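I have placed the structure first, in the form of C-alpha cells, so that the comments after it can refer back to it.
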Amino acid sequence: MNKLKRIIAALAAAATVSALSVGAFAVDYNHYEFDLSPKSGSYAFSPAAEKQDNASYAMARCTDGNVTSTRYVNLSIYKKNTYITSNCVADPVPVTSVGEPEDNYQINYNVTRGAGSTNYLCASTGYYAASVKGRWDP
C-alpha cells in the first residue's frame, strides 16, 4: 500500500510539473504577422507593431520562406521604418531555416523598449534575395 501511495504521489507531482512547464514555455507568436521579401543587398519592413510588454527581447516564429544557410535574412527591429543605424534598436539575428519547431528566433533589444512602443521588424539580405514570413511578438 505504501508503494502504491508513492507511485500515485510521484505521478501527481509529474503531472503538476508537466502542466506548469507547458504554461511557462508556451510562447504566443500570434500578435503580428510578417511577410518580408527583401531583394539582394536590400531590406524590407513589416507594418508597425505595438510592444505589449517590457521584455528585453522580441520573438519571431518563421513559418515559411526560401532561406538557407547561404540565402538568409537578418532580422532586426527598428523604431521607425527608415533603414538608418540610429533607428535600429535590436541586434540582428540570421534566419537560415523556417517551418520547424526550433525556428523561433529571439531578437535582443540593444536599447530599452517598453510596452506601448511602436516597432518594425526588418529583414535585410546579403548577396541573395530571400523571403521569410511568420508571426512575431515585439
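Each value in this text was obtained by applying a stated rule to the coordinates, not by laboratory testing. This is a predicted model, so every value here is computed, not measured. All Cβ positions, even for glycine, are placed from backbone atoms using ideal geometry, and neighbour counts span all protein chains on display.
Kindly provide the set of residues from segment 73-115 that are closer than 20 Å to Asn54 by Cβ and small (Gly, Ala, Ser), ordered by number.
Ser76, Ala90, Gly114, Ala115
Here is a list: Asp64, Asp103, Asp137. Which entry is acidic (Asp, Glu) and under 17 Å from Ala44 (Cα atoms)?
Details: Asp103 fails: under 17 Å from Ala44 (Cα atoms); Asp137 fails: under 17 Å from Ala44 (Cα atoms).
So the residue among Asp64, Asp103, Asp137 that is acidic (Asp, Glu) and under 17 Å from Ala44 (Cα atoms) is Asp64.
For the subset of segment 70-82 comprising residues that are more than 15 Å from the chain's Cα centre (by Cα) and crowded, with 17+ Cβ neighbours inside 10 Å, which member is farthest from Asn119 (Cα to Cα)? Working first, answer last.
First pass over segment 70-82, keeping only residues more than 15 Å from the chain's Cα centre (by Cα): 70-72, 79-82.
This time we only want the ones that are crowded, with 17+ Cβ neighbours inside 10 Å, so: 71-72, 81.
Working: Arg71: 25, Tyr72: 22, Asn81: 8 Å.
So the residue we want is Arg71.
Which numbered condition trips up Cys122, out of (1) touching a residue at least 60 places away in the same chain (Cβ under 8 Å); (2) more than 13 Å from Ser46 (Cβ to Cβ); (3) assigned to a strand (DSSP E or B); (4) not small (Gly, Ala, Ser)?
(2)
Would you mind stating whether Ala115 is touching a residue at least 60 places away in the same chain (Cβ under 8 Å) and in a strand (DSSP E or B)?
no
Got a sec? Which of Asp103, Asp64, Asp91 is acidic (Asp, Glu), under 18 Å from His31 (Cβ atoms) and surrounded by fewer than 17 Cβ atoms within 10 Å (Cβ to Cβ)?
Asp64
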